[in-house]
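> Mind looking over this structure? Questions follow.
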Amino acid sequence: MLEAAMLLAALAWDLALGEPPAVAHPVVWIGRLIGLLERAPVVGARAQLVYGGAIVVFGLLVALGPVWLLLAYLHSAAPVLYFAVGTFLLKSTFSPRGLFRAARAVRRRLTAGDLPGARWELRALVSRDTSRLEGPLLAAAAVESVAENSSDSLVAPLLYFTLFGVPGALAYRVLNTFDSMIGYHGRYEYLGKAAARLDDLTNLLPARLTAMLLIIASALGGAGAAPAWRGALRYAGATESPNAGWPMSAMAGALGVTLEKVGHYRLGDGPRLPDATSIERAISLATTALVVAAVGSFILLVVRSVYFA
């Protein structure tokens, strides 16, 4: 029951307080470690591939080794401290409040007709160049981010916490942070290859589970499950990522819009592009999906503690 209570406490922390200060945030420290490691002057594709894999393993060991030892000790020696430390670490692996706040900042700017402001706010959500995006494409990018990051920012950490405890959630966050920092083409083509492939692997199940949760949320919201289901099945493979297309396509179907990243993909067969109101609807759907995910995780943790302790 302790892990189930830990989940509730971490979710309450996120809703009430948001992110811990950067100076104490485990993911910020992981990012700084990655920043130091990736600066090594490694030359040549093969050497970068090997070094890229090695720093991922090293990062996992540095992040997880002390955490596993500390939690193992506190679990029996100081259960209250175990609960407090575990809650803090679990909370650091997800941030739906931050995601929705950033999306709403874009929505407010669009509603006010402030395209430069919307472009600026969108930079908190996406890595693409936002400087030339017009209103519908700004809204589309925000909706896509809400959908995709619903997987990264809660569903995946919850899944790995439910399966493997706090170290599992933290391991996912380490790999996801590696991918977000060096898992790109161009400069990091070879250095980030291992990080990108491992991130793809760890997100295979969460991305599809998130799509299913968005389908359920669409049904619960009164729009029906069929449009979101059709969107996911038809367009999930349209993105370069083997995972991102699943929640984004389900969201496009649920909203009845077409999401487009010019030159890369078009998701959905809706009659229109999204607008500012689509962002708020996406947040509402994602919130429902995340509530369902949290309830499911809580139930599984309770069942495990009762029957498999």
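Computed from the coordinates by the stated procedures, all read-outs in this text should not be read as laboratory data. As the structure is a computational prediction, the values presented were derived from the model and not from experiment. Cβ placement follows ideal geometry from the backbone for every residue including glycine, while neighbour counts extend to all protein chains displayed.
> Cα centroid distance between region 195-214 and region 275-289, in Å?
21
> Using θ = phi - 60° and the Karplus relation 6.51 cos²θ - 1.76 cosθ + 1.60, list the HN-Hα couplings for region 129-143 in order, rounded to whole Hz, with x at every Gly or Pro.
So the Karplus estimates, Gly and Pro as x, are 6, 9, 5, 10, 6, 8, x, x, 6, 5, 5, 4, 4, 5, 5 Hz.
> List, in order, the whole-Hz ³J(HN,Hα) value for each residue of region 150-165 obtained from phi through the Karplus relation with A = 6.51, B = -1.76, C = 1.60 and θ = phi - 60°; use x for Gly and Pro.
Per-residue couplings from phi come out as 4, 6, 5, 8, 8, 4, 5, x, 5, 4, 6, 5, 4, 7, 10, x Hz.
> Highest first, please rank the peptides 280-293, 34-47, 243-256, 186-199 by the mean number of other Cβ atoms sitting within 10 Å of their residues.
Numbers: 280-293: 21.5, 34-47: 11.9, 243-256: 29.4, 186-199: 18.8.
Put in order of decreasing packing, that is 243-256, 280-293, 186-199, 34-47.
> Still on this structure, I have one more. Evaluate the relative contact order of the chain (contact order divided by residue number), counting alpha-carbon pairs under 8 angstrom at least 6 apart; express in whole percent.
Reported relative contact order: 21 percent.
> Spelling out what I want: for every residue of region 112-121, take phi, set θ = phi - 60°, compute 6.51 cos²θ - 1.76 cosθ + 1.60 (Karplus), and round to whole Hz; glycine and proline get x.
7, x, 9, 5, x, x, 5, 4, 5, 5
> Taking square-rooted eigenvalues a ≥ b ≥ c of the alpha carbon gyration tensor, is region 2-307 rounded, prolate or oblate, where a/c under 1.5 means rounded and, failing that, a/b exceeding b/c means prolate?
Working: a/c = 1.74, a/b = 1.23, b/c = 1.41.
Note, shape of region 2-307 comes out oblate.
> What is the distance in Å between the Cα centres of region 37-83 and region 112-154?
Taking the Cα centre of region 112-154 as reference, the centre of region 37-83 is 32 Å away.
> Of the residues ALA141, ALA24, ALA103, which exhibits the maximal mean-square fluctuation in a Gaussian network model of the chain defined by a 10 Å Cα contact cut-off?
ALA24
> With springs only between Cα atoms under 10 Å, which of LEU81, LEU175, LEU267 fluctuates most in a Gaussian network model of the chain?
Judging by the Gaussian network model, the answer is LEU81.
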